[in-house]
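Encoded as structure tokens, the structure appears first; notes follow it.
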Amino acid sequence: MGRTIFFILCLLVSAVGLSAEQDRIRVVGIHDPITPVTAAFLHRNLQEATREGDRLLLIELDTPGGLDTAMRAMVQDIFASPVPVAVFVAPAGARAASAGAIIALSADVCAMAPGTNIGAAHPVSIGEKPDKVMEAKIVNDAEAYVEGIARKRGRNEALARQMVRDSISLSADKALAGRVIDLVAANRTDLFRQLEGRRISRDGKELVLKLAGAAIMPAEMGMRERILNAISNPNVAYVLLMIGMLGLFFELSNPGVILPGAIGGISLILAFFAFQTLPVNYAGVLLILLALILFIAEIKIVSHGMLTVGGVIAMVLGSLLLFESPEPYLRVSWSVILVTVAATVGFFVVAVRKALQAHRNQPTTGREGLVGEVGAADGDITPAGGKVFVRGEYWDARSDAPISAGEQVVVDGVEGMRLKVRKAGTRD
């Protein structure tokens with residue numbers, strides 16, 4: 001009996017040990033522009049893969065490119081990783097363009113699916129266009145950078161330089177023939193089959209990939225990373241900026257409402273976070289602020305719509321200039337601009353109309369609001385004085401012509417705390 005229990009315990013310990021030592025492949029999907037959020041996501045997974053002893057970290061890549069600083073951080077993390085890193089440009093129709101191409105070249109293994117492309121890595125300046133000397137420095141720096149990466153990984157340095165210098169882009173077959181990538185795989189299963197037993201060189205040492213029977217572990221962005229990644233979209237950042245400005249305007253116009261101010265403050269903070277990852281032109285921000293000032297001025301000043309027209313022009317120009325980049329994924333779409341401008345203008349047009357109506361309406365409160373009110377004489381009223389009941393209150397009053405008690409009176413004016421009245425149906 002004791003031997004049986006001991007044998008069972010040994011089996012359990014062996015099973016736990018085998019489970020703990022089981023090969024595991026971590027799969028990281030990057031299907032958005034390269035931003036600091038993307039770099040932080042990869043950094044976290046490389047750290048976890050190292051800590052948990054994963055056999056391989058696979059990056060499934062489909063990106064139009066992104067920020068140079070984020071790309072360089074990702075390349076440094078890949079080079080420093082003790083865990084082998086493979087990049088797979090997939091599925092069919094995907095691309096590793098611009099910064100994505102350089103990330104792919106930095107991996108231990110670079111693979112592509114049929115129908116994908118890699119390249120077009122010419123650096124694009126954000127914001128003000130640099131002069132020719134500075135532009136040449138930027139291109140030379142990027143060319144030397146990608147050449148060093150290709151040399152370290154044993155890839156075609158000449159084609160890598162052409163991706164930067166001439167912005168060439170290669171299909172999967174041409175990239176394989178030109179030794180820019182290591183293999184072409186139809187899908188993830190085919191990729192793992194080709195990687196099994198493959199020898200790779202890491203810091204002068206040879207490593208054999210043993211992936212057969214390895215468990216696949218997809219790595220997903222956490223809630224925080226998904227939120228930060230979403231607001232890094234220029235369309236979302238633009239809408240957050242507009243909501244923030246309008247929210248603060250509502251709060252300042254009506255102190256104590258609280259909710260618009262809270263929403264506006266949160267939206268502005270999120271928008272400013274997104275601006276860290278986007279090519280913001282602050283002339284665009286100032287034009288949008290000017291547009292809001294003109295809309296507000298239209299409420300206070302009757303300009304027959306000229307201030308509103310100026311505000312619309314300033315808002316459209318500011319929206320177009322807000323994110324200055326030749327890359328479409330770093331600009332606000334026309335549809336978002338038109339909807340946002342139309343909604344903002346519509347609100348202020350309604351506000352202007354209400355303000356004009358308020359100016360035209362007869363006052364209903366204060367001294368002016370009493371003039372024209374109808375009441376009743378509470379006693380005889382003479383030029384010397386008397387009492388009237390008007391709008392639920394008793395007032396001292398006088399009349400140029402005598403009025404008998406109980407007769408209806410009309411208020412003609414207010415003299416301090418006394419009303420001047422006349423008999424209803426008569427004129428001054």
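The values are calculated or read from the model by the stated rules, or taken from the named source; none is laboratory data. Keep in mind that what you see is a predicted model, and the values were worked out from it rather than measured. Cβ: placed from backbone, ideal geometry, glycine included. Neighbour counts: every protein chain shown. With ligands, DNA and RNA removed, areas are computed over all heavy atoms of the protein, side chains included. Shrake-Rupley method; radii C 1.70, N 1.55, O 1.52, S 1.80 Å.
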Inset, instruction - Looking only at the stretch 32-79, count how many residues are open to solvent by 10 Å² or more (accessible area, probe 1.4 Å), touching a Phe, Trp or Tyr at 6+ places or on another chain (Cβ under 8 Å) and closer than 21 Å to Ile200 by Cα. - result: 1
Inset, instruction - Please enumerate the residues belonging to the stretch 300-326 that are modelled with pLDDT under 80 and open to solvent by less than 40 Å² (accessible area, probe 1.4 Å). - result: Ser303, Gly305, Thr308, Phe323, Ser325
Legend entry - Spans of strands (runs of 3 or more DSSP E) in the stretch 377-416 with at least 3 residues modelled with pLDDT of 85 or more and out of contact with any Asp or Glu (no Cβ under 7 Å at 6 or more places or on another chain): 393-398, 408-415
Legend entry - Of all residues in the stretch 281-298 being among the β-branched types (Val, Ile, Thr) and at pLDDT 80 or above, the one that is surrounded by the fewest Cβ atoms within 10 Å (Cβ to Cβ): Ile293
Legend entry - Residues located in the stretch 251-269, provided they are at pLDDT 85 or above and either outside any helix (DSSP H, G or I) or crowded, with 20+ Cβ neighbours inside 10 Å (or both): Gly264, Ser267
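Rundown of residues vs (1) in contact (Cβ under 8 Å) with a residue 60 or more places away in the chain; (2) in contact with a strand residue (DSSP E or B) (Cβ under 7 Å, 6 or more places away or on another chain); (3) among the small types (Gly, Ala, Ser), yes/no style:
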site	(1), (2), (3)
Leu270	no, no, no
Ala274	no, no, yes
Leu278	no, yes, no
Ile296	no, no, no
Leu307	no, no, no
Trp334	no, no, no
Ala342	no, no, yes
Legend entry - Complete set of residues in the stretch 38-78 that are in contact with a Ser or Thr (Cβ under 6 Å, 6 or more places away or on another chain) and in a helix (DSSP H, G or I): Leu46, Ala70, Val75, Ile78
Inset, instruction - Scan the stretch 367-398 residue by residue and report those that are open to solvent by less than 20 Å² (accessible area, probe 1.4 Å) and of a type in the set (A, V, I, L, M, F, W, C). - result: Leu370, Ala377, Ile381, Val388, Val390, Ala397
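Does Tyr329 meet the test of being modelled with pLDDT of 80 or more, over 15 Å from Met242 (Cβ atoms) and under 17 Å from the mean Cα position of the chain (by Cα)?
So Tyr329 fails the test.
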Inset, instruction - Mind listing just one residue for me: the one in the stretch 270-280 that is assigned to a helix (DSSP H, G or I) and either open to solvent by 50 Å² or more (accessible area, probe 1.4 Å) or more than 24 Å from Leu320 (Cα to Cα) (or both) and, of those, modelled with the highest pLDDT? - result: Leu270
Inset, instruction - Determine if the stretch 180-188 includes at least one residue that is part of a helix (DSSP H, G or I) and surrounded by 13 or more Cβ atoms within 10 Å (Cβ to Cβ). - result: yes
Legend entry - Of all residues making up the stretch 399-428, the number that are of a type in the set (A, V, I, L, M), exposed (fewer than 15 other Cβ atoms within 10 Å of the Cβ) and within 14 Å of Val371 (Cα to Cα): 2
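Give the stretch 190-241 a look and list any residue that's in a loop (DSSP other than H, G, I, E, B), open to solvent by 50 Å² or more (accessible area, probe 1.4 Å) and more than 30 Å from Leu290 (Cβ to Cβ), or say none.
Listed by number, the residues that qualify are Glu196, Arg198, Asp203, Gly204, Lys210, Ala212, Gly213, Glu220.
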Inset, instruction - Count, please, the residues in the stretch 103-124 that happen to be in contact (Cβ under 8 Å) with a residue 60 or more places away in the chain, open to solvent by less than 10 Å² (accessible area, probe 1.4 Å), β-branched (Val, Ile, Thr) and not in a strand (DSSP E or B). - result: 1
Inset, instruction - Check the stretch 148-158 and report whether any residue there is surrounded by 15 or more Cβ atoms within 10 Å (Cβ to Cβ) and more than 18 Å from Gly100 (Cβ to Cβ). - result: yes
